[in-house]
Structures are given as structure tokens and as C-alpha cells.
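Novice: To start, I am sharing the structure in question, which I have written as C-alpha cells.
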Amino acid sequence: MVDRVSALPDEIVSIILSLLPIKEAGSTSVLSRRWINSWKLFTGSLNFDGSKTMLRMIKAMRTMPLETERAKYVKWVDQVLNFYQGQTIKEFRVCFDLDKDFACILDRWVNFAIERRVQKLELDLTVYSGSRQSLNYYTFPLSPIGVSSLNTLTALRLKSVDLSEDILTHLLSNCPLLEELSVSYSPSLVNVIIAGPFMIKYLELSFCSNLRNVEISATNLVSFEFFGPNLCNPLKNVPMLSELSMGGHYCESVVSTNFHDLSKVVPQLETLVLDLDCLGDLSSFVPKTLPKFRNLKQLELKIGAYADKSILFVSHLIDVSPCLYKLVLKIRFFQASIWNTQKADIACLGGKRKEVTSGRFESLEVVEIVGWVGNAADMELAVYLLEKAVSLDKMIIDPGHPTLLIRSVFQESRKKGEDAARERAKQLERKLPAGTKLVIY
């Protein structure tokens, strides 16, 4: 058999390898003598994802020493970079629990990526080993390599990385192609002002505990995610904004004032995510006057709830969204023993329930409920939506925990309860309108 692939020129081989993950690209070295060094021409995504190791450490209750695993991770990244011969990198990602003690190493990795004209750079230094003092966070370097080397960067994602206002201003001024900026868990960030002819389309500011002021005038901004303290309206001029995600005290303030602070952007929103979990019991929440979300197509609500208290308050937001196509509900029930709930009697639901809204949900076609238990609260809500959403095509039931980390770590211990929740979800088949599908994960 003729090996035509090995006869291809280096330029073509480089393109083929760049379509593969770095580990698979490296494994091609065993194919033939020609391929031993060909993988070093890889120019795709260098994704050093150590999250699976971190999850194993959590499950092992810290019997795996953090410093040992850190050393292994650093050795792995350094080995790959030492062999790497590509002139460019599409994406460079570091994902491991590393702090300022690794500043020199992290600086070297950042410089390596920027020297090779990286387009997407991500440092996810999430703390898995308990808490981390603010003084122990790695600080993003003020002047990685040269200013001219930043002109290829289109996306920058920093998690558990310290970023000061000066460094942020420097980056915004010297990254003319930057379209995506995500900063979370940055303790030194206090003041964020984004105003000018920037290309930024996607912006996230989350869990920056000392943030005191945010002012955004970005005419290209399409998506904004903010989880943080209560601030005076941060959205000054965002004519293209269509996706908004909020959480924390800021979200609490916006909801409690019936979105008055966002009255200018509400009509243009197409996707809205509200993290209301921190607000506690909302069973008696009745808004006075909500604005019309005239263009809203997708609504995602993250809520905390009690098994014996109604969560029909979510219908108020559906009622003011005449074009709503998809509703996602992520429910975290407060009780520790949520699986020990009595089976809700679906036959008793619907007829005697007090009406929350008078109209029908004409446009709603997809409903997804994550964190499903099958108790009186979520069963009542599901039946209510089946009755009100006259165009409903599909209802998705997912008993998995709405928090991905908890879902991953405690998957085995939750299995029995989730299986019981799936059985309870089958009761909904008796309430399904003609043409509506029930999907149970």
C-alpha cells in the first residue's frame, strides 16, 4: 500500500495536524519515520486541560498531593512547548490550580503563546484546593513580549488571575482585534471603563469581589455577562447588545426594581439569563410592573426553591415575553434530603391551582428543566407549562444537578435519587398535549 499522506509537503501536513487536539497530533509520531517530527509543525490549539486531574483530587479527598500534581502538570506543558516548532498558535489554554508561586513559569508560557501570534489565550487557574488569599493570585504580565505582538489576539479569558485596571487598559489599547474578554475571580479589579472604538463583542465580568464601578460604551458589544455587586447602570451605550446574563447582588437589584435600570436595553434583548439562586425563597415574588421583552427568544432562570413551595412565579417573566421560544429552568432545591420527597400526585395538579397569569404562552416551543426532582413544586410548574404553552414541541427533563462541578463529583452518590426522579417524570406523559414530546435525560 502506497503511503500518500506521508508524501505530502510540510505545509499540508501542518494544516492536517492543526485540526487535531494536541495529544492526538503528538500520537501521529508513531505512524512512520516521516511523522516522528511532523507533529511539531502543529499550529492549532494547545489545550492543556488539567480539570480531570483536579476532579480526581476532589474525589480522593486531597489524598493526591497538590504540589505533586502541579509538578506533573508543569512538566507536561514544558515538554510539549520544548518540542513545538510551529510559527503560530491558534489557541493556547492553561487549566490547572496554579498560583503566584508559578509566576515565572506562567509568564514564560504567556510569552511563548504571544510570540507565536496566538489568537485565543485562556488562563484558567481555578482554585480546587480550598481557598486562596488574594495575595497569592498570579498577576497577568503588564507587557508580555512587545506591544506589536498583541495585535493578533481575538479572545482573552482569565479566571482566578489577578488583573489590575492599568493592565486591563493596556490590553484594550493594544489588542485592536480583541472581540472576546472574560475576567472572573480577579481580586484587584476595582474600576472597569470600556469606552472607545473597540471591537469587543463578548464581555464577561464575574466574581470580581472588589469591583466598584463598571462603565461600558461599546457599540459592537453583543453579549454581556455580569455576576457581581450592585452597581449603577453599567451599560451606557450598547446598541448591538442582544444577550445579557446577570447574577449576584446586581441581578437582585435589577429584578427588585422591575428592570428599571435596564429599560433602554430590555427591548433589544434576545437572550436573557438570570441567576436568582442567591435571592433565596421567591415563592411569594409578585412583580408590580415588568417591562415588555418584545424580542426575547430564550430565557434561562437559575433559582433556589423549596420542595413544598410554588415556583410558578417564573411565569411572570414568560408572560411579558411574547416571542419567547425556549425556556431553561435550573433549579437547586434547598433541602439536603431532596430525594426523600413524597411522590407528587399529578392527578391533583392543574384543576385547583390558582392562576398566576391569565394569558397563554403562544410562542413557547421548548422547555428544559434541570435539577428535576419530581416533587410538588417542579411537578406543578411542569404541568402548568404544559397547559399554558399551546405551541410546545418538546419538554426536556434533566435530574442532574444544575451545578456542573457537583454533577461531576457526586455523580455516583446521586444516581439512586436521579433514577427515582426520572421515574416520577414519566407521570408527565399523562398531561402531554398532542404533538408534544417528553425527553428525559
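Novice: Do you know which residues across region 132-147 are in contact with a helix residue (DSSP H, G or I) (Cβ under 8 Å, 6 or more places away or on another chain), assigned to a loop (DSSP other than H, G, I, E, B) and modelled with pLDDT under 65?
Specialist: Within region 132-147, Pro144, Ile145 qualify.
Novice: How about region 171-202: which of its residues are part of a strand (DSSP E or B), open to solvent by 10 Å² or more (accessible area, probe 1.4 Å) and more than 19 Å from Tyr138 (Cβ to Cβ)?
Specialist: Passing the criteria: Glu180, Asn191, Ile193, Ala195, Tyr202.
Novice: Pairs under 6 Å by beta carbon, first residue in contact (Cβ under 8 Å) with a residue 12 or more places away in the chain and within 15 Å of Val314 (Cβ to Cβ) in region 388-401, partner buried (at least 19 other Cβ atoms within 10 Å of the Cβ) and of a type outside the set (Val, Ile, Thr), six or more apart or different chains?
Specialist: Hits for this filter: Lys388/Phe361; Ala389/Phe361; Ala389/Leu364.
Novice: Now, a different point. Give Leu153, Leu168, Leu205 a once-over and let me know the one that is assigned to a helix (DSSP H, G or I) and surrounded by 15 or more Cβ atoms within 10 Å (Cβ to Cβ).
Specialist: Leu168
Novice: Go through region 63-120 and give me each residue that's in a loop (DSSP other than H, G, I, E, B), among the aromatic types (Phe, Trp, Tyr) and modelled with pLDDT under 90.
Specialist: Looking only at region 63-120, we keep the residues that are in a loop (DSSP other than H, G, I, E, B), and these are 63-65, 84-90, 96-99, 116-119.
Next, only the ones that are among the aromatic types (Phe, Trp, Tyr) stay: 84, 96.
The answer is Tyr84, and nothing else.
Novice: Among what's in region 237-259 and is within 22 Å of the chain's Cα centre (by Cα) and of a type in the set (Val, Ile, Thr), pick the residue that is nearest to Met199 (Cα to Cα).
Specialist: My answer is Val238.
Novice: For Leu241, are the conditions met, namely being modelled with pLDDT of 95 or more, surrounded by 18 or more Cβ atoms within 10 Å (Cβ to Cβ) and over 24 Å from Gly304 (Cβ atoms)? Spell out the reasoning first.
Specialist: Numbers: modelled with pLDDT of 95 or more: yes; surrounded by 18 or more Cβ atoms within 10 Å (Cβ to Cβ): yes; over 24 Å from Gly304 (Cβ atoms): yes.
Against the criterion (modelled with pLDDT of 95 or more, surrounded by 18 or more Cβ atoms within 10 Å (Cβ to Cβ) and over 24 Å from Gly304 (Cβ atoms)), Leu241 qualifies.
Novice: Confirm whether Cys232 is open to solvent by less than 50 Å² (accessible area, probe 1.4 Å), outside any strand (DSSP E or B), out of contact with any Phe, Trp or Tyr (no Cβ under 7 Å at 6 or more places or on another chain) and within 30 Å of Lys288 (Cβ to Cβ). Walk me through it before giving the result.
Specialist: On the way: open to solvent by less than 50 Å² (accessible area, probe 1.4 Å): no; outside any strand (DSSP E or B): yes; out of contact with any Phe, Trp or Tyr (no Cβ under 7 Å at 6 or more places or on another chain): yes; within 30 Å of Lys288 (Cβ to Cβ): yes.
No; evaluated as a whole, the condition is false for this residue.
Novice: Do we find that Gln342 is more than 23 Å from Ser256 (Cα to Cα), among the polar types (S, T, N, Q) and either at pLDDT 95 or above or open to solvent by 50 Å² or more (accessible area, probe 1.4 Å) (or both) in this structure? Even if it seems obvious, please write down each step before you answer.
Specialist: Values: more than 23 Å from Ser256 (Cα to Cα): yes; among the polar types (S, T, N, Q): yes; either at pLDDT 95 or above or open to solvent by 50 Å² or more (accessible area, probe 1.4 Å) (or both): yes.
So Gln342 fits the description; yes.
Novice: Restricting the first residue to region 413-441 and requiring it to be more than 16 Å from Glu368 (Cβ to Cβ) and of a type in the set (S, T, N, Q), which pairs with a second residue that is surrounded by 12 or more Cβ atoms within 10 Å (Cβ to Cβ) and modelled with pLDDT of 90 or more meet a Cβ separation below 9 Å and a spacing of at least six or different chains?
Specialist: Between residues of region 413-441 that are more than 16 Å from Glu368 (Cβ to Cβ) and of a type in the set (S, T, N, Q) and residues that are surrounded by 12 or more Cβ atoms within 10 Å (Cβ to Cβ) and modelled with pLDDT of 90 or more, the close pairs are Gln427/Gly374; Gln427/Met379.
Novice: Still on this structure, please answer the following. Can you tell me how many residues within region 235-283 are among the small types (Gly, Ala, Ser) and assigned to a strand (DSSP E or B)? Give the derivation first.
Specialist: To start, the set of residues in region 235-283 that are among the small types (Gly, Ala, Ser) comprises 242, 245, 247-248, 253, 256, 263, 280, 283.
Next cut, assigned to a strand (DSSP E or B) only: 245, 247.
So the count comes out to 2.
Novice: Residues of region 211-229 being open to solvent by 10 Å² or more (accessible area, probe 1.4 Å) and under 13 Å from Ser184 (Cβ atoms), which ones? If you could, list the steps in order and put the result at the bottom.
Specialist: Within region 211-229, the first condition is being open to solvent by 10 Å² or more (accessible area, probe 1.4 Å), and the residues that meet it are 212-213, 215, 217, 219-220, 222-223, 225, 227-229.
If the condition is that a residue be open to solvent by 10 Å² or more (accessible area, probe 1.4 Å) and under 13 Å from Ser184 (Cβ atoms), then Glu225, Phe227, Gly228 are the ones that fit.
Novice: Identify the single condition in (1) at pLDDT 95 or above; (2) open to solvent by less than 10 Å² (accessible area, probe 1.4 Å); (3) not in a strand (DSSP E or B) that Asn295 does not satisfy, given that it satisfies every other one.
Specialist: (2)
The values are calculated or read from the model by the stated rules, or taken from the named source; none is laboratory data. No experiment lies behind these values; they were computed from the predicted model shown. Every residue, glycine as well, gets a Cβ built from its backbone with ideal geometry; the counts of neighbours run over all protein chains shown. In case anyone asks, the SASA skips ligands and DNA or RNA and just uses the protein heavy atoms, side chains included. Shrake-Rupley method; radii C 1.70, N 1.55, O 1.52, S 1.80 Å.
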